[in-house]
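All remarks here apply to the structure that follows.
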Amino acid sequence: MRENAFILVFERIFNNDTAQELLETARETEEIEITPEVEKMFLGVVANQPAIDDVISHNLKKWTMNRISKVSLAILRLGVYEIIYCDDVDDDITVSECVKLASDYAYEDDISFINGILGSIVRARNAEKASAPAEAD
């Protein structure tokens, strides 16, 4: 599921088609399986891309968004979407799965880069949660 969503997110970087057009093309070609979960994940990344890119940008050290390889950017967008907007998957699993995607599709240096950025985001979110006042019942 995650790999198919990644392929769509990656494709969107190079393609001016709408998200719905990309989904329709993917369904027609049957190159990848478009399940409801894949569609939800892809559309979630698309709908929240400005906020996702902002989170990525704020976690870059001595880098800019335009220096990130397109493969790494697609993986990071997918990972950040899951970390921030999906509560049904543990953040550590998301990071691990994104690192696996990177090992399959990206260069060796990109693997540690992706792991570092996503790990930084998870640590910052965990620190926020720890310092937030507990909700009263």
Worksheet item: Which number comes out as Rg/Rh for segment 22-81 once both Rg and the Kirkwood Rh are worked out on C-alpha atoms?
Response: 1.06
Worksheet item: Under a Cβ-Cβ cut-off of 15 Å, what is the net charge of the residues other than residue 64 that fall near it, where Lys and Arg count +1 and Asp and Glu count -1?
Response: +2
Practice prompt. Under 24 Å Cα to Cα from residue 40, which lysines show up? Leave out anything in the same chain fewer than 8 places away.
Written response: 70, 100
Worksheet item: Per residue, what accessible area does the chain have, given a 1.4 Å probe and all protein chains present, in Å²?
Response: 59 Å²
Worksheet item: So what's the back-of-envelope 222 nm ellipticity for the chain, counting only DSSP H runs of four-plus at -39500 (n - 2.57) apiece and dividing by all residues, rounded to 500?
Response: -24000 deg cm²/dmol
Worksheet item: Can you pull the semi-axes for the chain, root of five times each eigenvalue of the Cα gyration tensor, sorted largest first, whole Å?
Response: 26, 18, 14
Worksheet item: If contacts are Cα pairs under 8 angstrom and at least 6 residues apart, what is the relative contact order of the chain in percent?
Response: 23 percent
Worksheet item: Where the accessible area of segment 1-100 is counted over protein heavy atoms with a 1.4 Å probe, how much of it, in %, is carbon and sulfur?
Response: 49 percent
Item to complete: First measure r as the distance between the Cβ atoms of residue 131 and residue 96, then evaluate 1/(1 + (r/R0)^6) with R0 = 25 Å and state the FRET efficiency to the nearest 0.05.
Response: 0.45
Worksheet item: Separation between the residue 18 and residue 63 pseudo-spin-labels, each 7 Å from Cα along Cα→Cβ, expressed in nm?
Response: 3.3 nm
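The values are calculated or read from the model by the stated rules, or taken from the named source; none is laboratory data. This one's a predicted model, so the numbers in the text were calculated from it and none came from an experiment. No Cβ is skipped: glycine too gets one built from the backbone with ideal geometry, and neighbour counts run over all protein chains shown. Please note that ligands, DNA and RNA were not included when accessible areas were found on the heavy atoms of the full protein model with its side chains. Shrake-Rupley method; radii C 1.70, N 1.55, O 1.52, S 1.80 Å.
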